[in-house]
Amino acid sequence: MTKLSLTLACWDYDRTRPLMDGRVQAEGLDLNLICLPVEEIFWRQVRHQEFDVSEFSLAYLTHFRSRGDWEYVGIPVFLSRMFRHGCVYINTRAGIRCPQDLAGKPVGLPAYQMTATVWVRGLFQHEYGLPPERVTWLYSREDIFPFDPPPGLSLRRIGPGQSLSAMLEAGEIVALITARKPEAFVTGSGAVGRLFPDYRAAEEDYFRRTGIFPIMHTLVVRAEIARRHPWVPQSLYKAFDQARQLCYQDMAEAAALKYSLPWLLDEVERTQRLMGQDFWPYGLEPNRRALETLVRYAHEQGLAARLIPIEQLFAEGTLDQYSIW
(Lines give C-alpha, C1' and ligand atoms only; values in the text may rest on other atoms or scores of the structure.)
Protein backbone atom coordinates (compact mmCIF):
# COMPACT_ATOMS: atom_id res chain seq x y z
CA MET A 1 0.00 0.00 0.00
CA THR A 2 1.37 3.43 -0.92
CA LYS A 3 2.12 5.67 2.03
CA LEU A 4 1.34 9.37 2.12
CA SER A 5 4.57 11.30 1.61
CA LEU A 6 5.06 14.39 3.79
CA THR A 7 7.96 16.71 4.54
CA LEU A 8 8.81 17.10 8.23
CA ALA A 9 11.15 19.78 9.57
CA CYS A 10 12.39 19.66 13.16
CA TRP A 11 15.57 19.82 15.16
CA ASP A 12 17.71 16.89 16.31
CA TYR A 13 16.57 16.09 19.85
CA ASP A 14 16.96 12.89 21.84
CA ARG A 15 13.14 12.70 21.66
CA THR A 16 13.08 12.96 17.85
CA ARG A 17 16.12 10.82 17.04
CA PRO A 18 14.17 7.52 16.93
CA LEU A 19 12.20 9.01 14.02
CA MET A 20 15.41 10.10 12.33
CA ASP A 21 17.22 6.78 12.69
CA GLY A 22 14.20 4.71 11.66
CA ARG A 23 13.46 2.99 14.97
CA VAL A 24 9.99 4.61 14.86
CA GLN A 25 7.80 4.75 11.76
CA ALA A 26 4.64 6.83 11.51
CA GLU A 27 1.68 4.70 10.49
CA GLY A 28 0.70 5.26 6.85
CA LEU A 29 3.28 8.00 6.33
CA ASP A 30 6.54 8.30 4.46
CA LEU A 31 8.27 11.21 6.22
CA ASN A 32 11.00 13.13 4.44
CA LEU A 33 12.68 14.42 7.57
CA ILE A 34 14.67 17.65 7.30
CA CYS A 35 16.80 18.59 10.31
CA LEU A 36 17.17 22.37 10.67
CA PRO A 37 17.76 24.94 13.43
CA VAL A 38 14.43 25.94 14.90
CA GLU A 39 14.73 29.66 14.09
CA GLU A 40 15.14 28.82 10.42
CA ILE A 41 12.18 26.45 10.49
CA PHE A 42 9.91 29.04 12.06
CA TRP A 43 10.95 31.79 9.66
CA ARG A 44 10.44 29.60 6.59
CA GLN A 45 7.07 28.37 7.81
CA VAL A 46 5.73 31.83 8.60
CA ARG A 47 7.07 33.44 5.44
CA HIS A 48 6.76 30.63 2.88
CA GLN A 49 4.84 27.67 4.41
CA GLU A 50 7.46 25.26 3.03
CA PHE A 51 6.93 22.10 5.10
CA ASP A 52 3.91 19.83 5.47
CA VAL A 53 4.74 19.14 9.12
CA SER A 54 7.13 21.05 11.36
CA GLU A 55 8.25 22.01 14.79
CA PHE A 56 6.79 25.43 15.54
CA SER A 57 6.72 28.17 18.17
CA LEU A 58 3.74 27.82 20.52
CA ALA A 59 3.44 31.62 20.82
CA TYR A 60 3.40 32.00 17.02
CA LEU A 61 0.76 29.27 16.71
CA THR A 62 -1.36 31.05 19.34
CA HIS A 63 -0.98 34.34 17.46
CA PHE A 64 -2.17 32.87 14.16
CA ARG A 65 -4.94 30.61 15.48
CA SER A 66 -6.41 33.46 17.56
CA ARG A 67 -6.90 35.41 14.32
CA GLY A 68 -8.93 32.70 12.61
CA ASP A 69 -8.04 29.89 10.24
CA TRP A 70 -4.37 29.52 9.41
CA GLU A 71 -2.61 27.19 6.98
CA TYR A 72 -1.49 24.98 9.90
CA VAL A 73 -3.03 23.35 12.92
CA GLY A 74 -1.22 22.10 16.00
CA ILE A 75 -0.55 18.59 17.27
CA PRO A 76 0.00 18.36 21.08
CA VAL A 77 3.59 17.17 20.79
CA PHE A 78 5.84 19.50 22.75
CA LEU A 79 9.34 19.15 21.38
CA SER A 80 10.90 21.99 23.37
CA ARG A 81 10.20 22.93 26.97
CA MET A 82 12.35 24.93 29.34
CA PHE A 83 12.07 26.82 32.60
CA ARG A 84 13.16 30.38 31.88
CA HIS A 85 14.37 31.92 35.15
CA GLY A 86 17.91 31.08 34.06
CA CYS A 87 17.74 33.03 30.80
CA VAL A 88 17.45 36.50 32.35
CA TYR A 89 20.85 38.22 32.49
CA ILE A 90 21.66 41.54 34.16
CA ASN A 91 24.39 44.14 34.14
CA THR A 92 25.99 43.56 37.54
CA ARG A 93 26.65 47.28 38.04
CA ALA A 94 23.04 48.36 37.41
CA GLY A 95 21.75 47.63 40.91
CA ILE A 96 19.23 45.01 39.75
CA ARG A 97 18.41 42.51 42.51
CA CYS A 98 14.88 41.40 41.62
CA PRO A 99 12.43 41.76 38.71
CA GLN A 100 10.76 44.78 40.31
CA ASP A 101 14.04 46.68 39.91
CA LEU A 102 13.56 46.57 36.12
CA ALA A 103 10.63 49.01 36.29
CA GLY A 104 11.25 52.05 34.10
CA LYS A 105 14.50 50.65 32.73
CA PRO A 106 15.62 49.33 29.29
CA VAL A 107 15.56 45.55 28.88
CA GLY A 108 16.68 43.68 25.78
CA LEU A 109 15.28 40.62 24.06
CA PRO A 110 15.87 39.05 20.63
CA ALA A 111 12.18 39.32 19.67
CA TYR A 112 9.03 40.36 21.49
CA GLN A 113 7.02 37.60 19.81
CA MET A 114 9.15 34.56 20.75
CA THR A 115 7.68 32.08 23.22
CA ALA A 116 10.52 32.31 25.75
CA THR A 117 9.99 36.04 26.21
CA VAL A 118 6.21 35.60 26.50
CA TRP A 119 6.83 33.25 29.43
CA VAL A 120 9.34 35.59 31.11
CA ARG A 121 7.10 38.65 30.78
CA GLY A 122 4.20 36.62 32.19
CA LEU A 123 6.42 35.45 35.03
CA PHE A 124 7.44 39.03 35.80
CA GLN A 125 3.82 40.22 35.77
CA HIS A 126 2.11 37.44 37.70
CA GLU A 127 4.86 36.32 40.06
CA TYR A 128 6.53 39.68 40.75
CA GLY A 129 3.95 42.38 39.92
CA LEU A 130 5.89 43.86 37.00
CA PRO A 131 3.62 44.26 33.93
CA PRO A 132 5.29 44.68 30.51
CA GLU A 133 4.10 48.30 30.27
CA ARG A 134 6.47 49.30 33.09
CA VAL A 135 9.57 48.25 31.11
CA THR A 136 11.22 49.75 28.02
CA TRP A 137 11.80 46.82 25.63
CA LEU A 138 14.52 46.81 22.99
CA TYR A 139 14.69 43.98 20.47
CA SER A 140 17.19 42.98 17.79
CA ARG A 141 15.53 40.67 15.25
CA GLU A 142 13.33 41.62 12.34
CA ASP A 143 9.69 40.91 13.15
CA ILE A 144 8.81 37.49 11.77
CA PHE A 145 5.21 38.65 11.24
CA PRO A 146 3.47 42.05 11.50
CA PHE A 147 2.79 43.03 15.08
CA ASP A 148 1.05 46.07 16.57
CA PRO A 149 2.26 46.64 20.16
CA PRO A 150 -0.59 47.03 22.65
CA PRO A 151 -1.32 50.55 23.96
CA GLY A 152 1.14 51.76 26.56
CA LEU A 153 3.92 49.36 25.60
CA SER A 154 7.37 50.86 24.95
CA LEU A 155 9.00 48.70 22.25
CA ARG A 156 11.63 49.55 19.67
CA ARG A 157 14.21 47.80 17.54
CA ILE A 158 17.91 48.53 18.10
CA GLY A 159 20.07 49.88 15.28
CA PRO A 160 21.79 47.65 12.68
CA GLY A 161 25.23 48.23 14.20
CA GLN A 162 24.15 47.47 17.76
CA SER A 163 24.36 44.22 19.72
CA LEU A 164 22.20 43.41 22.72
CA SER A 165 25.04 41.48 24.33
CA ALA A 166 27.42 44.43 23.98
CA MET A 167 24.73 46.84 25.17
CA LEU A 168 24.22 44.73 28.30
CA GLU A 169 27.94 44.66 29.08
CA ALA A 170 28.16 48.44 28.57
CA GLY A 171 25.11 49.12 30.74
CA GLU A 172 23.03 50.57 27.88
CA ILE A 173 20.41 48.01 28.86
CA VAL A 174 20.15 46.69 32.41
CA ALA A 175 18.91 43.21 31.55
CA LEU A 176 18.64 40.80 28.63
CA ILE A 177 16.22 37.92 28.15
CA THR A 178 17.91 35.40 25.88
CA ALA A 179 18.09 31.65 25.35
CA ARG A 180 21.76 31.95 24.40
CA LYS A 181 24.29 33.11 26.97
CA PRO A 182 25.65 36.63 26.36
CA GLU A 183 29.30 36.74 25.34
CA ALA A 184 30.33 38.71 28.42
CA PHE A 185 28.75 36.06 30.65
CA VAL A 186 30.56 33.24 28.83
CA THR A 187 33.95 34.98 29.01
CA GLY A 188 33.48 35.76 32.70
CA SER A 189 34.13 39.48 32.44
CA GLY A 190 32.16 40.08 35.64
CA ALA A 191 29.95 42.70 34.00
CA VAL A 192 27.08 40.27 33.37
CA GLY A 193 25.36 37.85 35.73
CA ARG A 194 22.02 36.13 36.13
CA LEU A 195 19.00 37.83 37.69
CA PHE A 196 18.33 34.52 39.47
CA PRO A 197 21.81 33.23 40.42
CA ASP A 198 20.39 29.96 41.80
CA TYR A 199 17.96 29.62 38.95
CA ARG A 200 17.38 25.91 39.42
CA ALA A 201 16.07 26.47 42.94
CA ALA A 202 13.79 29.25 41.64
CA GLU A 203 12.51 27.04 38.82
CA GLU A 204 11.89 24.07 41.08
CA ASP A 205 9.96 26.29 43.49
CA TYR A 206 7.94 27.65 40.56
CA PHE A 207 7.03 24.12 39.47
CA ARG A 208 6.06 23.05 42.99
CA ARG A 209 3.72 26.02 43.29
CA THR A 210 2.23 26.04 39.79
CA GLY A 211 2.73 22.57 38.28
CA ILE A 212 3.84 24.31 35.07
CA PHE A 213 6.76 23.11 32.94
CA PRO A 214 6.79 25.87 30.29
CA ILE A 215 6.22 24.75 26.69
CA MET A 216 8.22 26.46 23.94
CA HIS A 217 7.61 24.49 20.72
CA THR A 218 4.85 22.26 19.44
CA LEU A 219 4.22 20.40 16.18
CA VAL A 220 2.05 21.65 13.31
CA VAL A 221 0.61 20.08 10.17
CA ARG A 222 -1.02 21.72 7.16
CA ALA A 223 -4.70 22.19 7.95
CA GLU A 224 -5.64 21.06 4.45
CA ILE A 225 -3.82 17.74 4.98
CA ALA A 226 -5.62 17.25 8.30
CA ARG A 227 -8.97 17.94 6.60
CA ARG A 228 -8.32 15.65 3.66
CA HIS A 229 -6.66 12.88 5.72
CA PRO A 230 -8.08 13.20 9.26
CA TRP A 231 -6.01 10.20 10.45
CA VAL A 232 -2.69 12.00 9.82
CA PRO A 233 -2.49 14.13 13.01
CA GLN A 234 -3.08 11.08 15.21
CA SER A 235 -0.53 9.05 13.26
CA LEU A 236 2.05 11.79 13.77
CA TYR A 237 1.16 12.10 17.44
CA LYS A 238 1.62 8.35 18.01
CA ALA A 239 4.98 8.31 16.24
CA PHE A 240 6.38 11.22 18.21
CA ASP A 241 5.04 9.74 21.43
CA GLN A 242 6.74 6.41 20.69
CA ALA A 243 9.99 8.28 20.06
CA ARG A 244 9.59 10.06 23.40
CA GLN A 245 9.09 6.75 25.21
CA LEU A 246 12.30 5.39 23.67
CA CYS A 247 14.07 8.52 24.87
CA TYR A 248 12.89 7.82 28.42
CA GLN A 249 14.23 4.26 28.11
CA ASP A 250 17.60 5.51 26.88
CA MET A 251 17.93 7.94 29.79
CA ALA A 252 17.13 5.18 32.30
CA GLU A 253 19.61 2.67 30.85
CA ALA A 254 21.89 1.69 33.74
CA ALA A 255 24.21 -0.92 32.19
CA ALA A 256 26.02 1.77 30.20
CA LEU A 257 25.19 5.47 30.09
CA LYS A 258 23.76 6.51 26.70
CA TYR A 259 24.32 10.22 27.36
CA SER A 260 27.62 11.85 28.35
CA LEU A 261 26.60 12.99 31.82
CA PRO A 262 28.37 11.30 34.77
CA TRP A 263 25.36 11.54 37.11
CA LEU A 264 22.67 11.05 34.50
CA LEU A 265 20.73 8.46 36.51
CA ASP A 266 20.74 10.64 39.61
CA GLU A 267 19.50 13.59 37.54
CA VAL A 268 16.66 11.51 36.06
CA GLU A 269 15.67 10.23 39.51
CA ARG A 270 15.82 13.75 40.99
CA THR A 271 13.61 15.07 38.20
CA GLN A 272 11.10 12.24 38.65
CA ARG A 273 10.84 12.90 42.38
CA LEU A 274 9.83 16.48 41.66
CA MET A 275 7.87 16.17 38.41
CA GLY A 276 6.70 12.56 38.27
CA GLN A 277 7.65 9.63 36.06
CA ASP A 278 6.30 11.27 32.90
CA PHE A 279 8.09 14.60 33.30
CA TRP A 280 7.93 15.59 29.59
CA PRO A 281 4.28 14.83 28.79
CA TYR A 282 2.56 15.12 25.43
CA GLY A 283 -1.17 15.42 24.90
CA LEU A 284 -3.74 18.06 25.82
CA GLU A 285 -4.89 17.20 29.34
CA PRO A 286 -1.50 16.69 31.05
CA ASN A 287 -0.51 20.11 29.71
CA ARG A 288 -3.77 22.01 30.10
CA ARG A 289 -2.53 24.40 32.79
CA ALA A 290 0.69 25.25 30.94
CA LEU A 291 -1.19 25.77 27.66
CA GLU A 292 -3.93 27.90 29.18
CA THR A 293 -1.30 30.01 30.94
CA LEU A 294 0.67 30.61 27.74
CA VAL A 295 -2.49 31.55 25.81
CA ARG A 296 -3.48 33.97 28.58
CA TYR A 297 -0.03 35.56 28.62
CA ALA A 298 -0.06 35.90 24.82
CA HIS A 299 -3.43 37.64 24.96
CA GLU A 300 -2.39 39.97 27.79
CA GLN A 301 0.76 40.91 25.89
CA GLY A 302 -1.02 41.71 22.62
CA LEU A 303 0.10 38.65 20.62
CA ALA A 304 -3.20 36.76 20.68
CA ALA A 305 -6.14 38.67 19.21
CA ARG A 306 -8.53 36.92 21.59
CA LEU A 307 -8.42 34.53 24.51
CA ILE A 308 -9.05 31.26 22.69
CA PRO A 309 -9.76 27.82 24.22
CA ILE A 310 -6.64 25.69 23.94
CA GLU A 311 -8.63 23.10 21.97
CA GLN A 312 -8.68 25.55 19.05
CA LEU A 313 -4.89 25.30 18.75
CA PHE A 314 -4.87 21.60 17.86
CA ALA A 315 -6.29 19.17 15.33
CA GLU A 316 -9.58 17.73 16.56
CA GLY A 317 -8.38 14.13 16.28
CA THR A 318 -5.59 14.75 18.79
CA LEU A 319 -7.69 16.21 21.60
CA ASP A 320 -8.02 12.82 23.28
CA GLN A 321 -6.16 9.53 23.00
CA TYR A 322 -7.31 5.94 22.55
CA SER A 323 -6.55 3.52 25.37
CA ILE A 324 -7.49 -0.14 25.88
CA TRP A 325 -7.59 0.26 29.68
For this session: Report the relative contact order of segment 148-229, percent, no decimals, based on alpha-carbon pairs under 8 angstrom and at least 6 residues apart.
Result: 14 percent
Problem set entry | Kirkwood-type radius of segment 80-237, with distances r between different C-alpha atoms, in Å | 17.2 Å
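Taking the Cα centre of segment 213-325 as origin, sum charge times position over the Cβ atoms of Lys and Arg (+1) and Asp and Glu (-1), and report the length of that vector in debye to the nearest 20.
About 320 debye.
Excluding Trp137 itself, what net charge comes from residues whose Cβ is under 12 Å from its Cβ, given Lys and Arg +1 and Asp and Glu -1?
Values: positive: Lys105, Arg121, Arg134, Arg156, Arg157; negative: Glu133.
Its environment carries a net charge of +4.
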Problem set entry | Helix axis angle, 38-48 relative to the chain longest principal axis, alpha carbon, degrees | 80 degrees
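How many Å³ per residue does the convex hull of the Cα positions in segment 205-265 occupy?
With only Cα atoms used, segment 205-265 gives 141 Å³ per residue.
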Exercise. All other residues with a Cβ under 12 Å from the Cβ of Arg44 taken together, and with Lys, Arg as +1 and Asp, Glu as -1, what is their net charge?
Worked result: -3
Seminar exercise, completed: Whole-Hz Karplus couplings 3J(HN,Hα) for segment 54-66, θ = phi - 60° and coefficients 6.51, -1.76, 1.60, Gly and Pro as x, run 7, 5, 7, 4, 5, 5, 5, 4, 4, 4, 6, 5, 6
Problem set entry | Mean-position separation - Cα centroids, segment 269-318 and segment 116-153, in angstrom | 20 Å
Seminar exercise, completed: Given Cβ charges of +1 for Lys and Arg and -1 for Asp and Glu, the option among Leu246, Ala184, Val46 whose Cα lies farthest towards the positive end of the dipole of the chain is Ala184
Seminar exercise, completed: Taking only the alpha carbons of the chain, the radius of gyration and the largest Cα-Cα distance, Dmax, both in angstrom, are 20.3, 66
Exercise. Of all the Cα-Cα pairs you can form in segment 70-129, what percent are over 18 Å apart?
Worked result: 46 percent
For this session: Evaluate the relative contact order of the chain (contact order divided by residue number), counting alpha-carbon pairs under 8 angstrom at least 6 apart; express in whole percent.
Result: 28 percent
Exercise. Hey, what's the chain come to in accessible area per residue, 1.4 Å probe, Å²?
Worked result: 47 Å²
Problem set entry | Helix-only CD estimate at 222 nm, as mean residue ellipticity for the chain, using -39500 (n - 2.57) per DSSP H run (n ≥ 4) | -10500 deg cm²/dmol
Problem set entry | Angstrom value of the Kirkwood radius, inverse mean 1/r, which spans all Cα pairs in segment 112-170 | 12.8 Å
Exercise. Leaving out ligands, DNA and RNA, what percent of the accessible area of the chain is carbon and sulfur, probe 1.4 Å?
Worked result: 51 percent
Seminar exercise, completed: With Cα springs under 10 Å, the Gaussian network model of the chain assigns the largest mean-square fluctuation among Pro131, Pro99, Pro146 to Pro146
For this session: Return the loop-located chymotrypsin sites (Phe, Trp or Tyr not before Pro) in segment 233-269 (DSSP other than H, G, I, E, B) with at most 16 other Cβ atoms within 10 Å of their own Cβ; answer none if there are none.
Result: Tyr259, Trp263
For this session: Take the chain, connect every pair of alpha-carbon atoms lying under 10 Å apart with a spring to form a Gaussian network, then pick out the residue of Asn32, Asn91, Asn287 with the largest mean-square fluctuation.
Result: Asn32
Problem set entry | segment 225-325: trypsin sites (Lys or Arg not before Pro) in DSSP loop, at most 16 other beta carbons within 10 Å | Lys258, Arg306
Problem set entry | Among Ala298, Ala201, Ala256, residue whose mean-square fluctuation peaks in a GNM of the chain (springs only between Cα atoms under 10 Å) | Ala256
Exercise. About its Cα centre, how strong a charge dipole does the chain have in debye, to the nearest 20, once Lys and Arg get +1 and Asp and Glu get -1 at the Cβ?
Worked result: 580 debye
Exercise. At q = 0.12 Å⁻¹, what log₁₀ I(q)/I(0) does a Debye calculation on the Cα points of segment 1-108 give, no solvent, two decimals?
Worked result: -0.60
Exercise. Considering segment 279-325, what Rg and Dmax in Å follow from its alpha-carbon atoms?
Worked result: 12.6, 43
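So how strong a dipole does segment 4-108 carry about its Cα centre when Lys and Arg Cβ are +1 and Asp and Glu Cβ are -1, to the nearest 20 debye?
So the magnitude is around 760 debye.
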For this session: Filter the trypsin sites (Lys or Arg not before Pro) in segment 160-226 to those in DSSP coil with at most 11 other Cβ atoms within 10 Å of their Cβ, and list the result.
Result: Arg180
Exercise. Under a no-solvent Debye model with one identical scatterer per Cα of segment 140-181, what's log10 I(q)/I(0) at q = 0.14, 0.22, 0.28 Å⁻¹?
Worked result: -0.41, -0.93, -1.15
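The values are calculated or read from the model by the stated rules, or taken from the named source; none is laboratory data. In this text, all values refer to a predicted model and were calculated from it rather than measured experimentally. All Cβ positions, even for glycine, are placed from backbone atoms using ideal geometry, and neighbour counts span all protein chains on display. Please note that ligands, DNA and RNA were not included when accessible areas were found on the heavy atoms of the full protein model with its side chains. Shrake-Rupley method; radii C 1.70, N 1.55, O 1.52, S 1.80 Å.
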